[in-house]
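*Asks:* Got a structure for you, written out below as structure tokens; questions coming shortly.
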Amino acid sequence: LIWKRTIASQMADAELEKTTVIIGIDNNTDDKFTTIGEVIKFDGFLHVYKESYDDEKEQEDENRLLPPLKKGESLERKEIVAVERFTQRPTRYTEAGLVRKLEELGIGRPSTYAPTISTIQHREYVEKGDREGEERIYKILTLKQNKITDTTQTEKTGSEKAKLFPTDIGIVVNDFLTAYFPNI
């Protein structure tokens, strides 16, 4: 691993082209399949070194590499997979993340960040804690050899550790400030 990283760090950058492919069905102009992926134009350091995957989402990103395609090219349908996706709510702030956001917005000074965070916790506008999250079932439809298979899988979403969660009083105060001081 160290050898591969060392050699890869001395090689040329990989060149990838982001591609949107819209696939029509015969002469039907309404039904289309769309995918967005990347085509490797020059593999560069990727020839020697590809990082391992930490989780399934990174593995899915790797599967977004597309073969080279030409406009008007006829494609053979081998398999079509449709995966149900849910939107993810924005993650809540950690104490460090809140400090970064305050810096980004130009609010306060470095000497005021710690007292500000401890004040909102002391006044119980937020509480620091962990949330387990929930298991969510999603469907995967696969069309292969003119047969549709319907499978379900579960994923855990919403699990957060050491985050700042608004309390009931914090929500009321936030709603009040938003309603009466919208420019803040």
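None of the figures in this text is laboratory data; all of them are computed from the coordinates on show. Computed from a predicted structure; not experimentally measured. With ideal geometry, Cβ positions are generated from the backbone for all residues, glycine too; neighbour counts draw on all protein chains shown.
*Asks:* What does the net charge come to around Gln121 if you take all other residues with beta carbon closer than 10 Å to its beta carbon, with K and R at +1 and D and E at -1?
*Replies:* -1
*Asks:* By count of other Cβ within 10 Å, fewest leading, how are Val172, Val99 ordered?
*Replies:* With the sparsest Cβ surroundings first, the list reads Val172, Val99.
*Asks:* Shifting gears a bit: Tally Lys and Arg at +1 and Asp and Glu at -1 over the other residues with C-beta under 13 Å from the C-beta of Gly97: what net charge comes out?
*Replies:* So the surrounding residues net to +2.
*Asks:* Based on Cβ point charges of +1 for Lys and Arg and -1 for Asp and Glu, what charge dipole magnitude is obtained for the chain about its Cα centre, in debye rounded to the nearest 20? Before the final figure, lay out each step's value.
*Replies:* Working: 28 positive and 34 negative charges, 46 e Å.
Rounded to the nearest 20 debye, it is 220 debye.
*Asks:* For labels at His47 and Phe86 in the simple 7 Å Cα→Cβ model, what's the distance in nm?
*Replies:* Between His47 and Phe86, the simple spin-label model gives 4.5 nm.
*Asks:* Taking the Cα of His122, stepping 7 Å toward and past its beta carbon, and measuring to each backbone N in region 156-184: which are under 20 Å?
*Replies:* Zone members listed by number: 164-171, 173-174.
*Asks:* Moving to a separate point now. At 1.002 mPa s and 20 °C, plugging the Kirkwood radius over alpha-carbon pairs of region 103-184 into Stokes-Einstein gives what diffusion coefficient in µm²/s?
*Replies:* 127
*Asks:* Once every DSSP H run of n ≥ 4 in the chain is given -39500 (n - 2.57) and the sum is divided by its residues, what mean residue ellipticity at 222 nm do you get, rounded to the nearest 500 deg cm²/dmol? Please list the in-between numbers first.
*Replies:* Details: 5 runs with 52 residues, N = 184.
Taken over the chain, the calculation gives -8500 deg cm²/dmol.
*Asks:* R0 = 35 Å: FRET efficiency of Lys144 with Met11, Cβ-based, nearest 0.05?
*Replies:* Values: r = 38 Å, r/R0 = 1.10.
Step by step, r from the Cβ atoms, then E = 0.35.
*Asks:* Where Rh denotes the Kirkwood radius from the mean inverse Cα pair distance, what is Rg over Rh for the chain?
*Replies:* A ratio of 1.09.
*Asks:* If amide H atoms are built 1.01 Å from N in the plane of the peptide, which residues on other chains or at least 5 residues away come under 5 Å of the amide H of Ala14?
*Replies:* Long-range HN contacts for Ala14: Phe45, Leu46.
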